[in-house]
């Protein structure tokens, strides 16, 4: 039989977990995506669209038991439980790769902009690889989880992880968590490299690349550090509900960091008449004067 109640959660924490998954996946992120896709003044790279879409999927998957009315009480069906577990077990690698691809695109653009060059190479092929790789990792993780769950149906349960269904397999969970952690470490290293380029370029050419961009990058990097720490905490202290609750806040973090950029806020407040300005698509500051050419390179590619 699978272990029962490894995570010691309360009813209030269960409500918090569901709210943290419900509001961004059903309202916050769809509103952000609608603003980007429908506004002619807001533009984002497909890797950012992919990030938002991926976290909507994870949020919906986290609420499957709520839809079925099985968050408490008798165990849900093995089929439903295994389906949810397969998606959520793919979350570490899936979410890490979504974030990595966004940071990679930002790094490529910032480096090219700082060197006053254009991004080289087969961009269409690179884009498809960047968009498809996270979903390929998710499918592989789902297939591995389903294979383990089908072979050992007694290992599939809801009560073991309290908030969601899981599969009792140390090898499976450890491997998937390690894969996600490796990608997060690579993401953090790439963000540090990007910040070094940004600050060097800002010091030499004041105003060409704005400080609001690295501030947002550092905020996102801080969350990456927290996610890595929580991945380790969930292994060494599996009884704590804190890792699941903080990781559930990932979509909210995305909204707070990237959904508060000035061009998005202007688009949301459409009743306010503003002069048309060209915005950097990550930093949000208006482009003026001699910096138009350099900043537009960043805005067109990120």
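The values are calculated or read from the model by the stated rules, or taken from the named source; none is laboratory data. Keep in mind that this is a model prediction, so the values were computed, not measured. Virtual Cβ from ideal backbone geometry, glycine too; neighbours counted across all protein chains shown.
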Query raised in the report: Exactly one of (1) part of a helix (DSSP H, G or I); (2) touching a helix residue (DSSP H, G or I) at 6+ places or on another chain (Cβ under 9 Å) is unmet by residue 79. Its number?
Result: (2)
Report summary line: Inside the stretch 1-18, the number of residues satisfying the requirement of being loosely packed, with under 14 Cβ neighbours inside 10 Å and at pLDDT 90 or above is 3
**Report entry** Residue match in the stretch 82-89 (condition: within 24 Å of residue 242 (Cβ to Cβ) and either without any contact (Cβ under 8 Å) to a residue 60 or more places away in the chain or surrounded by fewer than 16 Cβ atoms within 10 Å (Cβ to Cβ) (or both))
**Finding:** yes
Query raised in the report: Hey, among the residues in the stretch 144-174 that are free of Cβ contacts under 8 Å to residues at least 24 places away in the same chain and part of a helix (DSSP H, G or I), which one's farthest from the chain's Cα centre (by Cα)?
Result: 151
Query raised in the report: Pick from 46, 76: which is closer than 21 Å to residue 148 by Cβ and surrounded by fewer than 24 Cβ atoms within 10 Å (Cβ to Cβ)?
Result: 76
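Can you spot a residue in the stretch 88-103 that is touching a helix residue (DSSP H, G or I) at 6+ places or on another chain (Cβ under 7 Å), assigned to a loop (DSSP other than H, G, I, E, B) and closer than 30 Å to residue 192 by Cβ? Give the derivation first.
Here is the first cut: in the stretch 88-103, the ones touching a helix residue (DSSP H, G or I) at 6+ places or on another chain (Cβ under 7 Å) are 88-103.
Still in the running and assigned to a loop (DSSP other than H, G, I, E, B): 90.
From what's left, closer than 30 Å to residue 192 by Cβ: 90.
Within the stretch 88-103, one or more residues are touching a helix residue (DSSP H, G or I) at 6+ places or on another chain (Cβ under 7 Å), assigned to a loop (DSSP other than H, G, I, E, B) and closer than 30 Å to residue 192 by Cβ.
Can residue 70 be described as touching a strand residue (DSSP E or B) at 6+ places or on another chain (Cβ under 8 Å), over 20 Å from residue 128 (Cα atoms) and surrounded by fewer than 22 Cβ atoms within 10 Å (Cβ to Cβ)?
In short, no.
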**Report entry** Breaking point among (1) more than 17 Å from the chain's Cα centre (by Cα); (2) in contact (Cβ under 8 Å) with a residue 24 or more places away in the chain, for residue 37
**Finding:** (2)
Report summary line: Considering residues that are crowded, with 23+ Cβ neighbours inside 10 Å and under 27 Å from residue 141 (Cβ atoms), the number found within the stretch 104-113 is 1
